[in-house]
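Okay, so here's the structure we're looking at.
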Amino acid sequence: MSRSVKTTAIGIDLGTTYSCVAAWFDQHNRVEIIPNEQGNNITPSCVACDDIEVLVGEGAKNQITRNPNNTVFDVKRLMGSKFSDKRLQEDIQSWPFKVIERSLEKPMIVLEHMGTEREFSPEEISSMILKNLKKAAEEFLGTPVTHAVITVPAYFNDKQRQATKDAGTLSGLNILQLINEPTAAAIAYGLDKLADRNHPPQKNVFIFDLGGGTFDVSLLTITKDGNISVKAVGGDTHLGGEDFDKAMVNHCVEEFKKRQNKDISKNARAVGRLKVACEKAKRDLSSTAQTSIEIDSLYDGIDFSIKFTRARFEELNAGFFTKCIEHVEKCLRDGDMQKQDIDDIVLVGGSTRIPKIQLMLRELFDWKQLCKSINADEAVAHGAAVLAAKLSDNGNKTVKDLILLDVTPLSLGIETNVDDMDILIPRNTPIPTTKEDVYVTMVDNQIGFTIQVYQGESRKTRDNIFLDQFHLQGVPPAPAGEQKVKVCFTIDVNGILNVSAELVSTGNKKGIIIAESGKLSKDDIEKMLKNVVL
Ligand code: AMP
């Protein structure tokens, strides 16, 4: 017999623009946010190559205007995505770094490192960010860190989740669990509130999480005894502060064209400088009604300056803001609740500091006050660290008593007739879960079944995300409708799907973990581990 050694597990918010790491501290009886080398609690999700080294975090972000083509940001938008994805293509157009297509439609990032071009998968780039956070945690804690809980947008699909898990493995971490970002924020918020003696037996909490690249909404109930259950989630994995920056950048590019008759949109350095200035101006506009951007020698030696009012910023982004509110309304409908049923509306994510967004939310919820008490930048990592503590048998009684019930964000099903989506697990079903259904042969003497798995809300599979397929052969000859196949869908706590099919007459069975198709093989992981330069 050996003595069990407590593992040190961290919680990581792997954000589109910034990441954050936290851990449970026995000495302080609470979670602490772990600062990076520069002493900051959040680290830019940025990786860059130059002639000498690979830079991660602040070092990478600080040199972005000098080295725009070799600095990667927004990598979360590439995770688990197909190269041909329409929205990814739009992103690629605006990114100064190069993204190419490799086998199985996988996007790869091309960077020049020590004079040679190298290709990196999105998982590899993310793993460098994770490694950097792991290192910061180890230095801060003075002990090796082996396990982690990583957060993902609630609206991430199966492939995006698996890609995140793979990035964790590549970084040398055992991933205890993936947890949805708004759920993690709810843990941070809920745990804080549970200490309150006047906590009602049950509270309905709406989490509005608008970050740099993703938007998540989540409706939960929190009970006094520490039960957190998600009722409905929604959102958009391609909506956030980066889009607002881009709208401002495009406006500046247009203005430059109007004034100088020159198109600077293809000049990576100029666009990079505009992006930095616009992001700063956007932040300013959250506290002032007007600001200005001034850039010396932006293009061809020409200086550029422009005034930005808050009203103009709001006008440029009105479409995005309206979309956010529509998602809130849909989530309320999905959770079968009225706006009056909501006790607390909790803001998470840097972009919720935008006054217009707060105003629109308050208007929707009949001018109810919004909870801004949790630290928007840190709440998600905080919640992940609580779960990491619980799963690694650390933490105090409140942490140990915590019960978490999450849901699956998107419906899962198979294609039956050509293009028809037959749903086995509807969206917002609590997870883990297992669902079965029986299907019959469609033609006489059909020799096999092809199980094609899709995720999404359309009744037509062509509008949903194709996850994977497999074939079950050896069906005994019989008239149409006689031979049956039992299809079983299982979703684990990470939201990852496992599908199996059994021929009822013979007992012949086959199954796959769906995300395996997008998942990196052991060989891939080994190859990549060699490639990860850190
Ligand atoms: P997060 O992913 O939650 O760290 O959010 C980062 C996003 O929040 C970035 O797009 C930032 O530009 C944005 N952000 C941070 N602070 C502000 C602010 N004061 N006003 C508007 N946007 C902000």
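Tell me whether region 185-196 contains one or more residues that are buried (at least 24 other Cβ atoms within 10 Å of the Cβ), within 14 Å of the chain's Cα centre (by Cα), outside any strand (DSSP E or B) and not charged (D, E, K, R).
From region 185-196, those buried (at least 24 other Cβ atoms within 10 Å of the Cβ) are 185-190; that's our starting set.
Those left that are additionally within 14 Å of the chain's Cα centre (by Cα): 185.
Retained after the next criterion (residues that are outside any strand (DSSP E or B)): 185.
If we keep only those that are not charged (D, E, K, R) too, we end up with 185.
So far as region 185-196 goes, yes, one or more of its residues are buried (at least 24 other Cβ atoms within 10 Å of the Cβ), within 14 Å of the chain's Cα centre (by Cα), outside any strand (DSSP E or B) and not charged (D, E, K, R).
Would you check if GLY39 is touching a residue at least 24 places away in the same chain (Cβ under 8 Å) and surrounded by fewer than 15 Cβ atoms within 10 Å (Cβ to Cβ)? It would help to see each step written out before you state the result.
On the way: touching a residue at least 24 places away in the same chain (Cβ under 8 Å): no; surrounded by fewer than 15 Cβ atoms within 10 Å (Cβ to Cβ): yes.
Answer is no for this residue.
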Across (1) surrounded by fewer than 24 Cβ atoms within 10 Å (Cβ to Cβ); (2) under 29 Å from GLU326 (Cα atoms); (3) touching a Pro at 6+ places or on another chain (Cβ under 7 Å), ASP209 clears everything bar (1)
Under the condition of being touching a Cys at 6+ places or on another chain (Cβ under 9 Å) and more than 16 Å from the ligand (Cβ to nearest atom), which residue from region 194-230 is farthest from ASP74 (Cα to Cα)? VAL205
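Give the residue, chosen from ALA184, ALA188, that is in contact with a Leu (Cβ under 8 Å, 6 or more places away or on another chain), closer than 30 Å to GLY168 by Cβ, aliphatic (A, V, I, L, M) and within 16 Å of the ligand (Cβ to nearest atom). So that I can check it myself, show each step before the final result.
Details: ALA188 fails: in contact with a Leu (Cβ under 8 Å, 6 or more places away or on another chain).
Only one candidate qualifies: ALA184.
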Answer yes or no as to whether HIS147 is at pLDDT below 90, surrounded by fewer than 19 Cβ atoms within 10 Å (Cβ to Cβ) and in contact with a strand residue (DSSP E or B) (Cβ under 7 Å, 6 or more places away or on another chain). no
Taking region 370-414 and keeping residues surrounded by fewer than 21 Cβ atoms within 10 Å (Cβ to Cβ) and of a type in the set (Lys, Arg) leaves LYS372, LYS397, LYS400
Pick from ILE342, ILE325, ILE357: which is closer than 19 Å to PRO182 by Cα and within 16 Å of the ligand (Cβ to nearest atom)? ILE357
Which residue pairs have Cβ atoms closer than 8 Å, lie 6 or more positions apart in sequence or on different chains, and pair a first residue in region 1-30 that is closer than 30 Å to HIS238 by Cα with a second residue that is more than 16 Å from the ligand (Cβ to nearest atom) and modelled with pLDDT under 90? ALA23/THR8
With the checklist (1) in contact with a Gly (Cβ under 9 Å, 6 or more places away or on another chain); (2) within 16 Å of the ligand (Cβ to nearest atom); (3) outside any loop (DSSP other than H, G, I, E, B) in hand, flag the one item VAL453 doesn't pass. (2)
Please enumerate the residues belonging to region 362-397 that are small (Gly, Ala, Ser), more than 16 Å from the ligand (Cβ to nearest atom) and in a helix (DSSP H, G or I). ALA385, ALA388, ALA389
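The values are calculated or read from the model by the stated rules, or taken from the named source; none is laboratory data. Since the structure is predicted, the reported quantities are computational estimates derived from the model, not experimental observations. Using ideal geometry, Cβ is built from the backbone for each residue, glycine included, and neighbour counts are taken over all protein chains shown.
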